[in-house]
1. Examine segment 375-387 for a residue that is more than 30 Å from Ser501 (Cα to Cα) and either crowded, with 21+ Cβ neighbours inside 10 Å or in contact with a strand residue (DSSP E or B) (Cβ under 8 Å, 6 or more places away or on another chain) (or both), and state whether such a residue exists.
2. Where the second residue is loosely packed, with under 15 Cβ neighbours inside 10 Å and the first is within 16 Å of Gln375 (Cβ to Cβ) and lies in segment 308-329, which pairs have Cβ atoms under 6 Å and are six or more apart or on separate chains?
3. Hey, does segment 208-223 have a residue that's over 30 Å from Ser340 (Cα atoms) and without any contact (Cβ under 8 Å) to a residue 24 or more places away in the chain?
4. Can you tell me which residue among Gln285, Gln281 is in a strand (DSSP E or B), closer than 18 Å to Leu130 by Cα and of a type outside the set (Asp, Glu)?
5. Among the residues in segment 535-548, are any assigned to a strand (DSSP E or B), open to solvent by less than 40 Å² (accessible area, probe 1.4 Å) and in contact with an Asp or Glu (Cβ under 6 Å, 6 or more places away or on another chain)?
6. Inspect all residues belonging to segment 454-473 and state whether any of them is open to solvent by 20 Å² or more (accessible area, probe 1.4 Å), part of a strand (DSSP E or B), closer than 28 Å to Arg522 by Cβ and not hydrophobic (A, V, I, L, M, F, W, C).
7. Going by what's in this entry, would Tyr420 be described as farther than 13 Å from Ala459 by Cβ, among the aromatic types (Phe, Trp, Tyr) and in contact with a strand residue (DSSP E or B) (Cβ under 6 Å, 6 or more places away or on another chain)?
8. For segment 400-419, which positions are open to solvent by 30 Å² or more (accessible area, probe 1.4 Å) and within 23 Å of Gly348 (Cα to Cα)?
Amino acid sequence: MHKVIMKHALVCAALGSAVATVQAQEESTLMLGKMERVEISAQRTGPLSARNVLSSVDVLGPQLLQDQQVQHAWELFARAPGVMLTQFRQGNESGKLSFRGFNGEGEVNAVKLLIDGIPANDNAGGMPFLDMLFPLEITGIEIVRGTNDPRYGLHNIAGNANVTTRSGGNEGRARISYGSFGTREVQVAQGIEHGNWSQNYFLGYADSNGYRDNSAFKKYTVSGKWFYTSDDGRTRSGLSVRHTEGDGDEAGYLEARDARSHPTSAYDYARSTGGNRAMTQASVQLDHKVDGAWSLATRAYVNTVRDLRWLRYAVTASQQERMIDERHVGLIASATYRPSALLALETGVSAEHQNDRSPRYNTVDQVRVATTRDQRFRFDTYGAYVQAVWQPLAGLKVIPGYRVDQVDGSFNDPSKGVRYAIEDYGLIRQPKLSAVYALGEGASVYGNWGRTFQVGAGAAAYRSTAASLRPSINEGWEGGVKFAASEWLDGRVALWRQDASDEVKRRLNDPAGGSDNLGRTRRQGADLQLNARTRASGNAWLSYSLQRSRIIEPDPAAPATLGKQIDHVPRTLYSAGYDWQVAAALKMSAWASGQGGYFLTTANTGNTWGAYTLLNLGASYRVSPQVTIDVQVKNLANRYYEYVWQNDQTRHAPGDGRAIYLAAAFTL
């Protein structure tokens, strides 16, 4: 059977190579790094891929990810074009990613996160489940930016990111590293594939003293996948399970003068802050090819997160205990019909049931003294979509789509004796349209338009007042050119805009957990991406994003915010790098990332903060076919950078200084 499968793969690859050039011009996807497995076939099967979305789609390959020295998986997105990283570096609450002019403050989390296609946001749209992953387990990251992807509803405001992990194969790999701040890390991945069965196992452990005082952190992850493929190859079913536990201290926030003069310090009142987090994700899937035209895909999943966090923002404030306790049970299914090479139709449904708690307490040295809230809520979402990929003319693809979503639920807080129904958001309709046209062998032009939505998070989703709220509709468009000027240069240039109607879902972190009103907002920008193969052994890349987020119709209670920029959104994001295969056994790398400054409030008063440029170096030497040694230097210039927010004054969290890491990777 293995010989038959191998022959089939070789035939598909041969057929695929004949149409690869045409397909490339009909897509707007850019590949960064080399992929371990490139699936090209003359007749695609299964659900429509992200490439068919035809927006700003970027795929990061394993060579850019698996050997990176990071403490948290969100740091891997520093290599992704147009992605902003918000770096709190407070224990388990370490950081977030965002793009398209949205910030990572937790007010509006605008990116739908998926792990192997399974939804992985918490109720508010945050991404704690991303921290379940270690680099060695990741085989790729797909980032879809824009409003035209109908596959997902809730949290898919600016786009989505799907992280794929190892599946199948008989390869075993391990990586052991040690470096600055007492950082120690072990990762082991093993695939076992025999006959109809495939298994994958992963173990990861990380431990660090942290750059700042009171910032020690450790976590471990274990995961397993078990899949069965039928003899005829038409049915594949399996189970995936992943569990993570993390424990981290929080150094807290410094005043401006102390952050610059003593960036590694922490105030005495922060000595008993920090927390622990436990997360589990389990899913079962069934994929079936009915015949040459029809295919079905179904996934059912359970996500749980329990996060206990003690924090204190100032000596004049009391310590708080914040708890997140959530259980999400969901189902996603799709049916795809390909009657010809010129037409594909897909329809899908999704449902998710959440049972969530969000209590908070005033504490002294982690001992509770008063309850400030005990919120308990049910939050259910239901969605359905249809989309088509149609090629009416040679070189032209048109992708219409339509999605509807509905939410349901109830809320109560026994500590306050209140109970609320969900806001009557009604049926949330989201039309979509995309098109791409191949101008010739070297370029394609594309455009898209669509609507996405936001509703309240936590208590803000429920009818606590007599006034009824509608969902905020986010309407956006994008136009761009993807080009391959020669065999050694390709890239993308794009313009985009997203307008949100009545953006009232800015979440507050007060005890009530309500929201305030931003009003109508406009986010717009331009993206430039370049990949250059400068020689047979060299590869360079560059990305630059210019963005602006502002309030075009303010909340009546805040008329002075008219025309002002949304807080914590830098005007520029940029990254660049160069990889050089110096010799057969030696590879050198240099990469940089940075951003401009941002205002701390929508009043745009005071200075801008948060601008930085960081340079990193790496060298990898293959000692033998089974052993590779690598060295990485992060923040080579030891530049000061920080995350800043403001209450009664500015509060600063300095980023890590220069760090050196030594690692050994083994093929098992």
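The values are calculated or read from the model by the stated rules, or taken from the named source; none is laboratory data. Everything numeric in this text was worked out from a predicted model, so none of it was measured. Cβ atoms come from the backbone with ideal geometry, glycine included; neighbour counts cover every protein chain shown. In case anyone asks, the SASA skips ligands and DNA or RNA and just uses the protein heavy atoms, side chains included. Shrake-Rupley method; radii C 1.70, N 1.55, O 1.52, S 1.80 Å.
1. There is no residue in segment 375-387 that is more than 30 Å from Ser501 (Cα to Cα) and either crowded, with 21+ Cβ neighbours inside 10 Å or in contact with a strand residue (DSSP E or B) (Cβ under 8 Å, 6 or more places away or on another chain) (or both).
2. From residues that are within 16 Å of Gln375 (Cβ to Cβ), the pairs are Asp325/Arg357.
3. Checked segment 208-223: at least one residue is over 30 Å from Ser340 (Cα atoms) and without any contact (Cβ under 8 Å) to a residue 24 or more places away in the chain.
4. Gln281
5. Scanning segment 535-548 turns up at least one residue that is assigned to a strand (DSSP E or B), open to solvent by less than 40 Å² (accessible area, probe 1.4 Å) and in contact with an Asp or Glu (Cβ under 6 Å, 6 or more places away or on another chain).
6. no
7. Numbers: farther than 13 Å from Ala459 by Cβ: no; among the aromatic types (Phe, Trp, Tyr): yes; in contact with a strand residue (DSSP E or B) (Cβ under 6 Å, 6 or more places away or on another chain): yes.
For Tyr420, the condition - farther than 13 Å from Ala459 by Cβ, among the aromatic types (Phe, Trp, Tyr) and in contact with a strand residue (DSSP E or B) (Cβ under 6 Å, 6 or more places away or on another chain) - is not met.
8. Across segment 400-419, the qualifying residues are Pro400, Tyr402, Val404, Gln406, Asp408.
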